[in-house]
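Only one structure is covered here, and it is reproduced in the block below.
Nothing in this text is a laboratory measurement; each read-out follows from the coordinates by a stated rule. Because the structure is a prediction, the values reported are computed rather than measured. Virtual Cβ from ideal backbone geometry, glycine too; neighbours counted across all protein chains shown.
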Amino acid sequence: MTAVQVDAQGMFLRFSTVPDGDTVVSKNEEGYVICVPFPDGFRKFVTDGKAFRFDVDTYLTMDNPKASECVHLWDENFTDAEIDELTKPRPAETSELDLLKQRLVEAETENKRLAGESNANQLALMELHMLVLSVMSPDEG
């Protein structure tokens, strides 16, 4: 079962795994191991240095609650501005396949341009050759 390690003040430290059926909250040397799921949407905002706080003090006043009764004890440790920044729509990231397709189109376009230049250079070379032949006397050629 996924659990969350928090410090003594209930601040998120990291995710961890504990055996199923473990107690809802257990104390350890770093603080507490919390076996209470995050409310929907919380986990996606966990970042280095900023995350969530579990209200350990309130939990300790409760009489042997079930995990489902403790979900409301999670508190976001973000300002409103930080939440707005985290939840604002972001431009979709371009997939590797889309990037490769774009590169292929660019390569094909460049290939056509180079092929056109090559044909023009060949025609110019043939014209130059014809000009040189017309200037030269038959004995020189």
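Modelled spin-label separation between Val18 and Gln102, with each label point placed 7 Å from Cα along the Cα-to-Cβ direction: 4.6 nm. In this label model, Thr94 and His72 are separated by 4.8 nm, measuring between points 7 Å along each Cα→Cβ vector.
Modelled spin labels at Asp139 and Leu123, positioned 7 Å past Cα toward Cβ, are 3.7 nm from each other.
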